[in-house]
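Working notes, structure below.
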């Protein structure tokens, strides 16, 4: 049971990944992202999740540089964007991300979206980066079971992580079970469904009982399901509040009640319908 913001889960290659971190999707490069990341590190966060398409890797790198925490104590994730999928283009995109972040290595590098026909080639590039010691773990994002089965069939190294949209309206039971069976760690983006769950009466009732916010209850639910979670915020008080989820436990009954809120509804794109950047 997670009891600390620095608690980790061990990936199938032995690397320890923090269970909790900061996402920086739609956080502006420059001062906004620098202050967000620095506030998170001050609050004890050790995991920061960015991506090439977010356009804020330089700011994330700057914040890391300005923080007092040694690089090896942090866990930094980035992702290859759809337009860069393919073997050579992925290797190039990785180098660009590393340069913008001002780092010597990444802790985790992900394929951002599956698309249709390039992810196997892209994965070969990630395997090379991993073997070359440029990244400590490799994985995918927004992959459904059929994508994972197809990838694993020819992959030399199995993905260590699958980062997907996950929240009480999208509980992904089949995908979670599949990833568990395959030893792939699930990670949640948009854990709060972009705010759409923050007035849910069931969550409100559970939150009041624990004297917590609805956001804190959802994030705790993620962790108790063994799902890594990376909520995004640009407000320091919210960054701190999001992390104050290690001093209470949801009962089995409460976990079940939250599970039952599932509607299979998404705030983002369905992975099979995501075409942005895959037009050619």
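The values are calculated or read from the model by the stated rules, or taken from the named source; none is laboratory data. Quick caveat, the model's predicted, so the values are computed rather than measured. We place every Cβ from the backbone using ideal geometry, glycine too, and count neighbours over all the protein chains shown.
For segment 98-124, enumerate the residues that are part of a loop (DSSP other than H, G, I, E, B) and farther than 10 Å from residue 141 by Cβ. Scanning segment 98-124 gives 102, 103, 104, 105, 107, 115, 116, 117, 118.
If you check residue 55 against the conditions, is it surrounded by fewer than 17 Cβ atoms within 10 Å (Cβ to Cβ) and either at positive phi or touching a helix residue (DSSP H, G or I) at 6+ places or on another chain (Cβ under 6 Å) (or both)? Answer is yes for this residue. Please tell me if residue 68 is at pLDDT 95 or above, part of a loop (DSSP other than H, G, I, E, B) and over 19 Å from the mean Cα position of the chain (by Cα). For residue 68, the condition - at pLDDT 95 or above, part of a loop (DSSP other than H, G, I, E, B) and over 19 Å from the mean Cα position of the chain (by Cα) - is not met. Of all residues being touching a strand residue (DSSP E or B) at 6+ places or on another chain (Cβ under 9 Å) and outside any loop (DSSP other than H, G, I, E, B) in segment 239-280, which is farthest from residue 213 (Cα to Cα)? Just the residue, please. Applying the filter and picking the extreme gives 271.
Among the numbered conditions (1) over 22 Å from residue 77 (Cα atoms); (2) surrounded by fewer than 20 Cβ atoms within 10 Å (Cβ to Cβ); (3) touching a residue at least 60 places away in the same chain (Cβ under 8 Å); (4) under 19 Å from the mean Cα position of the chain (by Cα), the only one that residue 200 does not meet is (4).
As a summary of the residue check, residue 217 satisfies the conditions (1) touching a residue at least 40 places away in the same chain (Cβ under 8 Å); (2) surrounded by fewer than 18 Cβ atoms within 10 Å (Cβ to Cβ); (3) in contact with a helix residue (DSSP H, G or I) (Cβ under 7 Å, 6 or more places away or on another chain); (4) in a helix (DSSP H, G or I) except for the one numbered (2).
In segment 136-181, the residue that is surrounded by the fewest Cβ atoms within 10 Å (Cβ to Cβ) out of those that are more than 16 Å from the chain's Cα centre (by Cα) and under 24 Å from residue 95 (Cα atoms) is 156.
Would you be able to say whether some residue in segment 192-202 is in a helix (DSSP H, G or I) and over 15 Å from residue 242 (Cα atoms)? Within segment 192-202, one or more residues are in a helix (DSSP H, G or I) and over 15 Å from residue 242 (Cα atoms). Scanning segment 220-238 for residues that are in contact with a strand residue (DSSP E or B) (Cβ under 6 Å, 6 or more places away or on another chain) and either in a helix (DSSP H, G or I) or under 12 Å from residue 2 (Cβ atoms) (or both) yields 222, 227, 228, 229. Filtering segment 115-124 for residues that are under 17 Å from the mean Cα position of the chain (by Cα) and closer than 30 Å to residue 272 by Cβ leaves an empty set. If I filter segment 165-185 for residues that are on the phi > 0 side of the Ramachandran plot and in a loop (DSSP other than H, G, I, E, B), do I get at least one hit? Within segment 165-185 (the criterion being on the phi > 0 side of the Ramachandran plot and in a loop (DSSP other than H, G, I, E, B)), the answer is yes, since at least one residue qualifies.
This table checks each residue for (1) under 26 Å from residue 41 (Cβ atoms); (2) surrounded by fewer than 22 Cβ atoms within 10 Å (Cβ to Cβ); (3) at pLDDT 95 or above.
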residue: 76; (1), (2), (3): yes, no, yes
residue: 88; (1), (2), (3): no, yes, yes
residue: 94; (1), (2), (3): yes, no, yes
residue: 111; (1), (2), (3): no, no, yes
residue: 127; (1), (2), (3): no, yes, yes
residue: 131; (1), (2), (3): no, yes, yes
residue: 134; (1), (2), (3): yes, yes, yes
